[in-house]
Each structure stands twice: as structure tokens, then as C-alpha cells.
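I have placed the structure first, in the form of C-alpha cells, so that the comments after it can refer back to it.
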Amino acid sequence: MRDLGLQKVAVLGATGSIGSSTLDVLGRHPLHFEVTLLAANRSVESMHQLCRQFRPAFAYLADAESNAQLAQVLAGTETRVLAGEKELCECIASADVDTVMAAIVGAAGLQSTLAAARAGKKILLANKESLVMAGALLMKAVAKSGSTLLPIDSEHNAIFQCLESNERAVPAKGGVESIILTASGGPFRTWSASDIVSATPPQAIAHPNWSMGPKISVDSASLMNKGLELIEASWLFNMPVDKIEVVVHPQSIIHSMVRFVDGSVLAQMGNPDMRTPIAYGLAWPKRIESGVKPLDLSTVGELTFEKADLNRFPCLRLAIESAAQGGTASAVCNAANEVAVQAFLDHQISFGDIPRVVELTLSEVANMEPTSLDVVLLQDTVARAVAAEHVERLKAKV
Ligand code: NAD
Ligand code: MG
């Protein structure tokens, strides 16, 4: 595997679920990957441990107080603590970084992902929210700088693997009829509508197949995650929203499919373990060992498929509607969802209130042309304020 070279890797969201899986894969290939930058939100202890293990040149915590504490505990070591988000973005753009794992959760990941795109870095994109918020701007920055954007979200990674390089640029010209996103259906797949609306945070976080951070786990339970992924797929693969299908596949073995005009359907399979798409992204266009158990289909037994139910899972409908509207509607949908999910995790509103907050916010915030980052960030801020008002009103009722 000599020709992989030595990649200098930044792991953004290093203490999270994707961050840990990434560091696990990187740790298996020390000759080919050097961790030069680790960034996360506020856990000083976890970051300190990771710095001792991986000895990056740079580290950063977004929370200012935690970052100051980190600087104290790392004083005198080989790791320099970056002063703020501006310095983080400069470091990402510098010669100290070749490859960026963008695995910060939520809108907080947008600036650093954009910095990597503008600087022409190889981006392993887990942070789907940055594409949902600012797909046009991010794809434009990638095209302008010649950055390589590799999807890490398992569905998009599967689609990427099913497409030849000439088909990826403009799939419709390459004979692609549609994209078929698979969804596990989440923990409430078989629940009645009335049980779903009163589900608790522990019930929503208990995903049947994947182990993930709390926000994406709730999104998977509401199927908002599949809606965000539909928007993500339309940007990544230049496909209109009405050419993206969703099918529920409870075993999470087929990670997504591509339907071609000649009747062929290609699928990518594997055990549900994010180390497969992460290893694929790190080594692309080669392959490296990821630590994932080999797939044993005789143990899996059967692969089944169902229609997605937009009535029991209104968040999927709302995300699709926002994508069809275009403009900043998807950014508004994303912001309202982030506020609602946090309020649900904090036991302030019910699970059924999440789509309520998103729908009301979408109907009240103006849709604008996302001509600049400032417009997107403004609409994100407005949507958060409107969603927070609805949370306040609904809180009293829980
Ligand atoms: P997580 O909650 O486990 O981890 C989030 C990470 O982001 C943590 O390291 C946290 O410290 C960091 N973070 C939060 N705010 C930050 C900020 N302002 N600045 C810097 N770092 C910050 O989440 P996760 O499950 O690892 O998901 C991360 C991203 O990957 C999300 O966008 C999610 O949608 C996407 N994703 C995750 C999975 C999965 O299997 N976990 C699969 C596909 C896509
Ligand atoms: Mg996914």
C-alpha cells in the first residue's frame, strides 16, 4: 500500500461517534495517515486523551472556556491549541492539512467545511447539515478550488461506489434513472402514530442498527435524517429531488442503490459500521482494511423492503417539501429541526412537537435566494429564533 503516501489528516468532531470511528481506522494505518489537527466542542478530558494518543500538531475546542483549559493541560507538549474558529479555518487551509474529516454535528460544521472546500482540500463529508444549509455555496467552492469531496454518510458513500467516475459528474447523462436511498426506519418503524408522538428521548436514541450521536439518532427516529440525506444526495450527485426515492430496509445491509435507464439496479452492501465508508474515503481510489466484520449474509437471513410512511413520519415530508421549494428553505428546515431536537432531548417538548416546530417555522420564515453565506447564516439565525418561540409555547404543555 506504498502509493497511498502519507496524508496529513484533520479530524473535526474528533470526540464524537464518527470522530472515534475515524481515529480507529487511522490508528490501523499509522504509516499512511498522520493526525495533525483534532477539533471538538467542549470535552477537555476526552480531547486531552486523544492528544496524548495521536500527538497532533494542533487541537481546538469550540467552547472558549474549555479551550483555555485545554491550552493549560497541553502546555509544554507538541500540540498547540488554536485560539478561535478563524485560526481553526486557517489551520485547515494550511499545508499542515491534506484531508479533512468534517464530522462536527449540525450547522456548527458549516464554516470549517467551507474553509476546507475553499482551500482545495480532500473533504470526507459526514456533516450533512452543511450541504443541507448551503449546498449551492459549498458545491461552488468545491468546483472552484478543485477540492475532492467524498461522502461519508453511508447512503451517499454507497451511491458514490455504485457510480463510475463519468456518471458521477452528471448522472442523468450517464444513464442514471434515479437514486434509491435506503432507510432503516429507525426505532419507531412499527409503532402506531399515537405511540410515536409521545416517545421519550431514550426510546428515540435507541437505534436498532447503528450506534450514533444523539442528534442524528433522533433524526433517524423521526426520518428527518432521511429527508436531510435526500437533500444531501441531490447536491452531491446533481440529481433533482423527484429522482431520489426512499425505501425502508430494516436490516441496514444495503446502504443505497442506483437505478439505471436499462433496468439495472446497483447496490452496495456491508455491515452497518461507519468504518467502511470512512476507510473508503480515506483510501479512495484505493481500499484499506477498516476493522469491520465481514458480512455474513446467511446470518442476516433476509433483506426486506417497505414503503416510507409520510403520515407517521411528517419530518420526512417536511424536508422533501423544503427541498422542492429551494432557496433557503432547507437551511430553515435544518435550523428549526436542530432547535426542536435539542428541546426534545432536554425533555422540553414531545417527539410529536418536533415536526410541529419545523412546519410552523418553515411557514413563517421567508424563503430567500442563497446568494451568499451571509444570507444563509441570517436565515439560519432567524429560523432558530422563530423555532425557539414555538418551543417556549409548546413547553408549557409537556
Ligand atoms: P456526535 O454528537 O457523536 O459528535 C459530534 C462531534 O462534533 C463531537 O466531537 C462534538 O464535540 C463536535 N462538535 C459539536 N459542536 C462543535 C463545534 N461548534 N465545534 C467543533 N466541534 C463541535 O455526532 P456524530 O454521530 O459523530 O455525527 C457527526 C456528523 O456526522 C453529523 O453531521 C451527522 O449527521 C453525521 N453522520 C453521522 C453518522 C453516524 O453514524 N454517527 C452517520 C452519517 C452521518
Ligand atoms: Mg446516513
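The values are calculated or read from the model by the stated rules, or taken from the named source; none is laboratory data. Values in this document were obtained by computation on a predicted structure and should not be read as measured data. Reconstructed Cβ throughout: ideal geometry from the backbone, glycine too, with neighbour counts over all protein chains shown. All accessible areas refer to the heavy atoms of the entire protein, side chains included, with ligands and DNA or RNA removed. Shrake-Rupley method; radii C 1.70, N 1.55, O 1.52, S 1.80 Å.
For region 158-166, the condition holds for at least one residue, the condition being that it is within 16 Å of ligand 1 (Cβ to nearest atom) and in contact with a Lys or Arg (Cβ under 8 Å, 6 or more places away or on another chain).
Within region 180-198, the residues that satisfy the criterion of being assigned to a loop (DSSP other than H, G, I, E, B) and not hydroxyl-bearing (Ser, Thr, Tyr) are Gly185, Gly186, Pro187, Phe188, Arg189, Trp191. Close contacts from region 99-128, counting a first residue that is basic (Lys, Arg) and a second that is within 7 Å of ligand 1 (Cβ to nearest atom), with Cβ to Cβ under 6 Å and a gap of 6+ residues or different chains, come to Lys128/Asp153. Restricting attention to region 68-92, the residues that are more than 10 Å from ligand 1 (Cβ to nearest atom), under 29 Å from Glu338 (Cα atoms) and buried (at least 17 other Cβ atoms within 10 Å of the Cβ) add up to 7.
Table: residues versus (1) surrounded by fewer than 24 Cβ atoms within 10 Å (Cβ to Cβ); (2) at pLDDT 95 or above; (3) within 16 Å of ligand 1 (Cβ to nearest atom); (4) not in a strand (DSSP E or B).
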{"site": "Gly109", "(1), (2), (3), (4)": "yes, yes, yes, yes"}
{"site": "Leu114", "(1), (2), (3), (4)": "yes, yes, yes, yes"}
{"site": "Ala134", "(1), (2), (3), (4)": "no, yes, yes, yes"}
{"site": "Val142", "(1), (2), (3), (4)": "yes, yes, no, yes"}
{"site": "Leu150", "(1), (2), (3), (4)": "yes, yes, yes, no"}
{"site": "His156", "(1), (2), (3), (4)": "no, yes, yes, yes"}
{"site": "Ser178", "(1), (2), (3), (4)": "yes, yes, no, no"}
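Taking region 158-169 as the range and being assigned to a helix (DSSP H, G or I) and modelled with pLDDT of 90 or more as the test, the residues that pass are Ala158, Ile159, Phe160, Gln161, Cys162. Residues that are open to solvent by less than 70 Å² (accessible area, probe 1.4 Å) and more than 13 Å from Glu338 (Cβ to Cβ) within region 380-389 comprise just one, Val382.
Among the residues of region 15-36, those identified as in contact (Cβ under 8 Å) with a residue 40 or more places away in the chain and either over 13 Å from Leu282 (Cβ atoms) or among the aliphatic types (A, V, I, L, M) (or both) are Gly16, Ser17, Ile18, Gly19, Val25, Leu26, Thr36. Considering only residues in region 93-107 that are open to solvent by less than 40 Å² (accessible area, probe 1.4 Å) and part of a helix (DSSP H, G or I), the one that is nearest to ligand 2 (Cβ to nearest atom) turns out to be Gly106.
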